[in-house]
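Novice: Submitted below is the structure of interest, expressed as C-alpha cells.
The values are calculated or read from the model by the stated rules, or taken from the named source; none is laboratory data. Since the structure is predicted, the reported quantities are computational estimates derived from the model, not experimental observations. Cβ coordinates were reconstructed from backbone atoms using ideal geometry, including for glycine residues, and neighbour counts include every protein chain displayed.
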Amino acid sequence: MSDPLQTYDVAKLDDLVADSVARDEKVEVPEEIQTQLAGESEPEPDLERDLDVLQRLDPNFINDPVRLYLREIAETPLLTHAQEIDLAQRVEAGELAATQQFVRANLRLVVSIAKRYVNRGLTLLDLIQEGNIGLMRAVQKYDWRKGFRFSTYATWWIRQAITRAIADQSRTIRLPVHMGDSISRYRKTLNLLAQDLGRQPTPEEVAEAMAVQPEKIHQIVQAAQRTISLETPIGNEDDTSLGDLIADEVSETPYEAASESMLKRDVNAALDTLSAREKLVLQLRFGLGAGHQHTLAEVGEQLQISRERVRQIENEALQKLRRLDGDRLFAYHQEL
C-alpha cells in the first residue's frame, strides 16, 4: 500500500497549511484527500527509512538527545488501521492510556515531517517538539468515522504546529506568518524555475511565475535575510566574535584621531603667527574651530570692511602660511 503521506502533493500541503495559519484558522482536511483506506496495512516503509537515515546523520546535524529519542520511539510499532479505530474510540471515551498510546505510536510520523523543515531557524529537536504538540491536537480531533487513516489527518496538524513555530521563534525580528508563507513560495518557485531554465531565474521571471509584481519579490528577498548576532562566535576557540571582525565605519580609528589632533595643533600654531585680524578672517572664512564657513560679505559686515578688503586680507594670510609651513599642512591634508 502506498504511504498515505504521499497521497497529496507536498508543496500544495505546505501552501494550504501556511495559508490556514496566516488566517489563524483551524486546519481541516479537504474532502479531496479524505481517502478511504480500508483494512490493515503494514508499517509505512518511508517512515522506517527516515528513522534509519536520521540515526546515521552527521553528529553536527543530529545530537545525542535526538539519537536517544529516535531509538526510543523506534521501539513502538506502527498501528494498523483497525488499531487506529480502536484507539480513537477509546480516546473519545476519555481513556488517557489510549491517548498516550496513540501519540507514542505516531511520534515517528512527526520526525518524518520535522526533518523537512531543518535549516529554517529551529533545531531538529525543537521542530520535533513543536510537531508533537500538533500530533496531540490531531489525536484529540481525529474522527475515525470518516474512514481515512490517522496519518493523513495528523499531517495537517503537525505541519501547522511546525510552521507556526518557525514563524514565531526562528527569527530575532518576527515576521508575519503571511510573509513567511510568501518566502516559502518564493524559494519553491525559485528552485523550480532554476531546474526548468538551467540557470538562476531573474526577479521578473520569479514574479511572473508567482503572479505578483517585481516589487513584491524585492520585499520578499529583503524579508528573507536573517539577522545575525554580533556575538556569534568565530572559529573553534570561541574567543573571537563576529563583531570583532567588522570595521567601525563611523568612529575614528586611533590613527585618524591622532592625525587630526596633530593637524589642529599645527594649524593653531600657524595661525598664531598671523595678526589678530588675519587670524579672525581665516577662522571665519574656513570655519576653523566650532564655527561654520562665512561668505566674504558676512565677514566684511562683521569686521565693518568691504568684501574686497576681506579678500585681500585672506590672500595675504594664506601666502604667509604657505611660506611658513605650507608643505607640512598640505601633507596632513593629503592624509586626511
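Novice: Hey, among the residues in region 167-176 that are surrounded by fewer than 20 Cβ atoms within 10 Å (Cβ to Cβ) and in a helix (DSSP H, G or I), which one's modelled with the lowest pLDDT?
Specialist: Gln169
Novice: Identify, please: which residue in region 95-124 is touching a Ser or Thr at 6+ places or on another chain (Cβ under 6 Å) and in contact (Cβ under 8 Å) with a residue 60 or more places away in the chain and is, among those, farthest from Arg164 (Cα to Cα)?
Specialist: Leu109
Novice: Outside the structural domain of Met210 (by TED's automatic domain parsing) and either in contact (Cβ under 8 Å) with a residue 12 or more places away in the chain or under 31 Å from the mean Cα position of the chain (by Cα) (or both): is that true of Glu92 in this structure?
Specialist: It is false that Glu92 is outside the structural domain of Met210 (by TED's automatic domain parsing) and either in contact (Cβ under 8 Å) with a residue 12 or more places away in the chain or under 31 Å from the mean Cα position of the chain (by Cα) (or both).
Novice: Would it be correct to say that Ala98 is in contact with a Phe, Trp or Tyr (Cβ under 6 Å, 6 or more places away or on another chain), at pLDDT 85 or above and more than 30 Å from Met179 (Cβ to Cβ)?
Specialist: no
Novice: Among what's in region 262-297 and is closer than 13 Å to Arg311 by Cβ and of a type in the set (D, E, K, R), pick the residue that is surrounded by the most Cβ atoms within 10 Å (Cβ to Cβ).
Specialist: Taking the candidates together, the pick is Arg285.
Novice: Could you tell me whether Thr155 is modelled with pLDDT under 90, closer than 21 Å to Val111 by Cβ, touching a helix residue (DSSP H, G or I) at 6+ places or on another chain (Cβ under 8 Å) and assigned to a helix (DSSP H, G or I)?
Specialist: Spelling it out, it is not the case that Thr155 is modelled with pLDDT under 90, closer than 21 Å to Val111 by Cβ, touching a helix residue (DSSP H, G or I) at 6+ places or on another chain (Cβ under 8 Å) and assigned to a helix (DSSP H, G or I).
Novice: Restricting to helices (runs of 4 or more DSSP H) lying wholly in region 190-272: which have 2 or more residues that are more than 30 Å from Leu284 (Cα to Cα) and either modelled with pLDDT under 75 or among the hydrophobic types (A, V, I, L, M, F, W, C) (or both)?
Specialist: Passing ranges, in order: 203-210, 214-224.
Novice: Taking only region 273-297 into account, find how many residues are assigned to a helix (DSSP H, G or I), over 14 Å from Leu321 (Cβ atoms) and touching a Gly at 6+ places or on another chain (Cβ under 8 Å).
Specialist: 1
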